[in-house]
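Below: one structure, written as structure tokens.
The values are calculated or read from the model by the stated rules, or taken from the named source; none is laboratory data. In this text the structure is predicted, and so the values were computed from the model without any measurement. Cβ atoms come from the backbone with ideal geometry, glycine included; neighbour counts cover every protein chain shown. Just the protein is used for accessible areas: all its heavy atoms, side chains included, with ligands, DNA and RNA removed. Shrake-Rupley method; radii C 1.70, N 1.55, O 1.52, S 1.80 Å.
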Amino acid sequence: MKKIFFSAVFLFALNFSNAQLYNSTNMFYTDAGAIVFVDGDVYNDTAGHIKNNGDIYFTQDWTNHEPAFGLDATAGTVHMAGANQLIKGSQTTTFNNLDCQNTGTKTLNINTIVGGTSGVLSLNNAPFNLNSKTLIVTNPLPAAVTRNSGYIISETDPAAGYGIVEWRMGNTTAGNNYVYPFGTSGGTYLPFLWNIKTAGVETSNGNMSVATYPTNVTASPNNMPFPTGVTNLADGSGKNAASYCLDRYWILNSNNYSTNAVADITLTYRDAEWDNSVSGTTNNFASEDDLKGWKWSGSAWQNPPVGIVNTNANTVSVTGISGSAPWTLTGNELICGDFFIPNAFSPNGDGHNEIFNVRNKCIKDIDLKIFNRWGNLVFETTDPAQGWDGSTPKGKDGNEGVYAYQAKGHMNDGTEIDKKGTVTLMK
């Protein structure tokens, strides 16, 4: 095997675009202080290996086929210095420090290891897409992952394959607060916090792996697909609770511990994942204030739900968690009640019965039309919260008399609304 040493700044293919550092049968050595810049791809073939004590910059993709992980994992920094870039190949790469530069998305096409014993994944301002792969963080300290505005995209469901962050914390230390800096593909930051209260005891490579993904808010039933092993969303009475469960899951797995750590967790969600006023949603929540954590016990959801919601921060915090389980958030079901459609109203300014509308807490969308006795349209709205105040399209007060109404739309659960009748306008 040839050996190539770099002990100073080395600029590879600086004047060429789409260049490649192709390492087929060589052992590359970079001393501390050395810089290798590749304006293109880094390609490590089956017999290539890199001992990096310095800095390697590359602007396109990293490919590794060498079974010994391509890099020595205890020194040096690799900088992803391009726009959108991939880490790929047939063999996993082990990085010590991995520095994500610029704002382009860095995407895994293969499971990847970062951290050595003291190395850091620096997200900076870049999205880091797990792409249904596993990112293994081997530095056991909470500072092993840093960010400015960057985030890790998990987001894939079990059918596609979870995007997992496996953090090898080892014999964890009480007081360590680990932040899994998840975010959505649209850029919303949704961190998961694992704040250790009682240390765990590992057997080997003890780790807490976490994945999260959203579900379709407009599907009926929603909250599908379930996490692996989950068979239902039945509440304590056996009723399907899908319509008042958050449209997101978290999958927690504590691995390789003889005694699991005990921790407080914080789950972060988007308003659109619960809000029953979002267009098309099948959610039926009474209030965001009711949200609590809900844990799958292996055969059923553990009741009652637990935790404290912070609606300003969009978080639910749960104390004293240990072991493995899928989680979601659940609240109280909105009780819709019967429709109330008045047969008369009096828009005369006295503050009583001033507005005519179709009244029910669970109306998702509606088209309400009012016609005069000649069949002319005098009012129309598609806002469930808006009603008719008796005025005409020209802004004049309507005449006393009988008017016809027609209301078509849908309830939060998808039930169709089709109401017709008459209402008397009184002065």
Next item on the list: Calculate, for the chain, the solvent-accessible area per residue in square angstrom, rolling a 1.4 angstrom probe over the heavy atoms of the protein chains.
Entry: 44 Å²
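Å³ per residue of the Cα convex hull, for segment 65-197? All intermediate terms of the calculation are to be shown ahead of the outcome.
On the way: hull volume 14.6 nm³, N = 133.
Looking at segment 65-197, the number lands at 109 Å³ per residue.
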Checklist line | Accessible surface of segment 75-152 [probe 1.4 Å, protein heavy atoms]: carbon and sulfur percent | finding: 46 percent
Notebook entry, point to check: For segment 119-168, how big is the tail of P(r) above 18 Å, as a whole percent of Cα pairs?
Noted result: 33 percent
Check: Given the convex hull of the Cα atoms of segment 127-233, what is a quarter of its surface area in nm²?
Finding: 7.9 nm²
Item checked: Alpha-carbon spread of segment 241-313, three principal axes, descending order, Å -> 47, 29, 20
Next item on the list: Give me the percent of the accessible area of segment 297-342 that comes from carbon and sulfur atoms, probe 1.4 Å, all protein chains in place.
Entry: 52 percent
Notebook entry, point to check: Just checking the chain: which Cys have no other cysteine's beta-carbon under 4.7 Å?
Noted result: CYS100, CYS245
Next item on the list: Pop out the Kirkwood hydrodynamic radius of segment 191-230 from its pairwise C-alpha distances, inverse of mean 1/r, in Å to one decimal.
Entry: 13.7 Å
Note to self: If R₀ is 41 angstrom, what is the calculated FRET efficiency for the pair GLU400 and SER287, using the beta carbon separation as r and rounding to 0.05?
What the structure shows: 0.55
Next item on the list: Go through LYS364/LYS420; LYS239/LYS364; LYS106/LYS197; LYS133/LYS197; LYS239/LYS420 and tell me which ones have a Cα-Cα distance over 25 Å in this structure.
Entry: LYS106/LYS197; LYS133/LYS197; LYS239/LYS420
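What translational diffusion coefficient, in µm²/s and rounded to a whole number, does the Stokes-Einstein relation yield for segment 388-427 at 20 °C and a viscosity of 1.002 mPa s, taking the hydrodynamic radius as the Kirkwood radius over Cα pairs?
Taking Rh from Cα pairs, D becomes 179 µm²/s.
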Checklist line | segment 185-223 and segment 47-92: distance between their alpha carbon centers, rounded to Å | finding: 27 Å
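If you count, for each residue, the other Cβ atoms within 10 Å and average over each peptide, how do 91-98, 145-152 line up from highest to lowest? Let's see the in-between values first.
Values: 91-98: 22.2, 145-152: 19.0.
The densest-packed peptide leads the list: 91-98, 145-152.
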Next item on the list: Evaluate the distance, in nm, between pseudo-label points positioned 7 Å from the Cα of GLU380 and of THR103 along their respective Cα→Cβ axes.
Entry: 4.2 nm
Checklist line | Semi-axes of the equivalent ellipsoid for segment 247-358, Cα gyration tensor, largest first, Å | finding: 42, 14, 11
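Please give the FRET efficiency for PHE339 paired with SER185, using the beta carbon to beta carbon distance and R0 = 45 Å, rounded to the nearest 0.05. Show your work: numbers first, answer last.
Numbers: r = 40 Å, r/R0 = 0.88.
Between PHE339 and SER185 the formula returns 0.70.
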Margin query: Give me the one-decimal nm value for the distance between modelled label points at ASN256 and THR424, 7 Å along each residue's Cα-to-Cβ direction.
Written below: 8.0 nm
Notebook entry, point to check: For segment 25-123, how big is Rg over Rh, using alpha carbon atoms and the Kirkwood form of Rh?
Noted result: 0.92
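Past the 20 angstrom mark, what percentage of all C-alpha to C-alpha distances in segment 295-427 do you count?
On the way: 5186 of 8778 pairs.
Summing the P(r) of segment 295-427 above 20 Å gives 59 percent of all pairs.
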Notebook entry, point to check: How big is the chain on each of its three principal axes, counting only the C-alpha atoms and giving the largest first in Å?
Noted result: 97, 54, 33
Notebook entry, point to check: In nanometres, what is the gap between the two model label sites at GLN302 and ASN332, each 7 Å from Cα along Cα-to-Cβ?
Noted result: 2.4 nm
